[in-house]
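Report on one structure; see the data block that follows.
Read-outs throughout are calculated quantities, based only on the coordinates presented, and are distinct from any laboratory measurement. Note that the coordinates shown come from a computational prediction; the quantities given were computed from them, not determined experimentally. Quick reminder, even Gly has a Cβ in these numbers, built from the backbone with ideal geometry, and neighbours come from all protein chains shown.
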Amino acid sequence: MKTILFCLSCAGLLAAPLVHAHISLEQKSAAAGSYQKLTFRVGHGCDGSATTGITIMLPEAISGAKPMPKPGWTLANGAREIAWRGGPLPDSQYDEFSMWLKLPDAPGKQAFKVIQQCEKGRAEWSELPGVPGMSGKYPAPVLDILPAAATGPMAMPGAAPSPVPAPAHQH
Ligand SMILES: [Cu+2]
């Protein structure tokens, strides 16, 4: 399994000059059970076509998220997915889409599948690392959730418990 993971990351590195930014997650890791802002960066369109929609699928372990509204984009947030529609965001520009959520208590890697809609075509960023048969061209952004004890407020100030209410707050 380690070999597969290693070779996939090799392929990603080799392909980097061609496929550049992809859709990436600014935060690479965070403490289990913490409240966290996640920022998804959209580095380019679909084969040169401008982006008109970003849909982020929440992993099963995450029960809710509060997306950040963006001028020029309408927002639809369901329990399992969050969608921004608008733009268009030209291929030559980049933008960020953020949400606020509570991470699960269990450590481990969580993948956020992203569907990018463009004026022409679409791209599904859904490939998971370590799965044989994947091209590696459209990796899903992955967050590494670390055991809370391994981080702690001193090591990661951003991961400290926050007074902001839980995103899954029910009325
Ligand atoms: Cu790319």
In order through segment 93-100: 3J(HN,Hα) via Karplus (6.51 cos²θ - 1.76 cosθ + 1.60), integer Hz, x for Gly, Pro: 10, 10, 8, 10, 10, 10, 8, 10
Expected unfolding gain across GLU60-SER92 under the 0.36 nm per residue rule, minus the alpha-carbon gap, is 8.2 nm
What per residue convex hull volume, in Å³, comes out for segment 2-147 when only alpha-carbon positions are used? 104
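Could you compute the net charge surrounding CYS46? Neighbours are other residues with a C-beta less than 13 Å from the C-beta of CYS46; K and R count +1, D and E count -1. Intermediate results must be reported in sequence, preceding the final value.
Details: positive: LYS120, ARG122, LYS137; negative: ASP47, ASP91, GLU119, GLU124.
Neighbour charge sum, excluding CYS46 itself: -1.
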